[in-house]
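The values are calculated or read from the model by the stated rules, or taken from the named source; none is laboratory data. This structure is a prediction, so every number in the text was calculated from the model and none was measured. Cβ placement follows ideal geometry from the backbone for every residue including glycine, while neighbour counts extend to all protein chains displayed.
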Amino acid sequence: MSTSTHALRRVRESDATAILAAFSSAADMARQGNVSTLDQAHEMAAGLAAPSRHGIAIVETSTDELVGVVGVSVEPEDRLGWFFYWLAADARGRGLCGRAAATVANRALRPQAEGGWDLERLELGHRANNPASGAVARAAGFVHEGTERAKFLIDGERHDVLTHGRLRTDPVPTTAELPWHEEPARG
């Protein structure tokens, strides 16, 4: 897949089949949630479309099929968001997630008067042994802020988590943005 054939739009409940396919594409997707049935995929799609979340689908433009998600769980009273992302296995390794993450982070931190979501801070965390996720965070302009030692328990083994943040006042990354296939409906 070429990144030039991808765009962003809001997640829809009709994306459930593609969400199930993505979760079936790689064992590491289990860290993103429990999706092994179509009902669970419908629940995830509904959750990503909830008012407290900005669930943004990364889609193949020719088919409008979801291949990944960049999401922001918003805490409006603090004007901050917890940032997350994932891709189906066959969409990985081409810089697509980094471009999508940069696009969404830029929109999230832009003032509402400029078409943004008016957040002041974004946060994310990833396993220290997941350099691909770290590359996505850097591409989206996040700054490493610390290490949470032995935070995650995965298959009986403790894993450190690297935490990152991005402030509205941080420099905007030079990562090329993806186009919006459909503008998000709310700020």
**Request:** Go through region 147-164 residue by residue and tally those that are on the phi < 0 side of the Ramachandran plot and without any contact (Cβ under 8 Å) to a residue 12 or more places away in the chain.
**Result:** 4
**Flag if T169 is out of contact with any Lys or Arg (no Cβ under 8 Å at 6 or more places or on another chain) and either in a helix (DSSP H, G or I) or surrounded by fewer than 15 Cβ atoms within 10 Å (Cβ to Cβ) (or both)** = yes
**Request:** Name every residue in region 22-31 that is surrounded by 16 or more Cβ atoms within 10 Å (Cβ to Cβ) and either of a type in the set (V, I, T) or part of a helix (DSSP H, G or I) (or both), in order of residue number.
**Result:** A22, F23, M29
**Complete:** Residue hits (region 94-121; among the basic types (K, R) and touching a strand residue (DSSP E or B) at 6+ places or on another chain (Cβ under 9 Å)) are R99, R107, R121
**Request:** Could you tell me whether S62 is modelled with pLDDT under 95 and part of a strand (DSSP E or B)?
**Result:** no
**Message:** Which pairs turn up if I take residues in region 111-136 that are within 25 Å of P76 (Cβ to Cβ) and look for partners that are part of a loop (DSSP other than H, G, I, E, B) and not charged (D, E, K, R) with beta carbon separation below 6 Å, at least 6 apart in sequence or on another chain?
**Reply:** Q112/G187; W117/G187; D118/P111
**Asked** Across region 37-52, what is the number of residues that are more than 18 Å from the chain's Cα centre (by Cα) and exposed (fewer than 13 other Cβ atoms within 10 Å of the Cβ)?
**Response** 3
**Asked** Of the residues in region 97-155, how many are in a helix (DSSP H, G or I), among the β-branched types (V, I, T) and surrounded by fewer than 13 Cβ atoms within 10 Å (Cβ to Cβ)?
**Response** 0
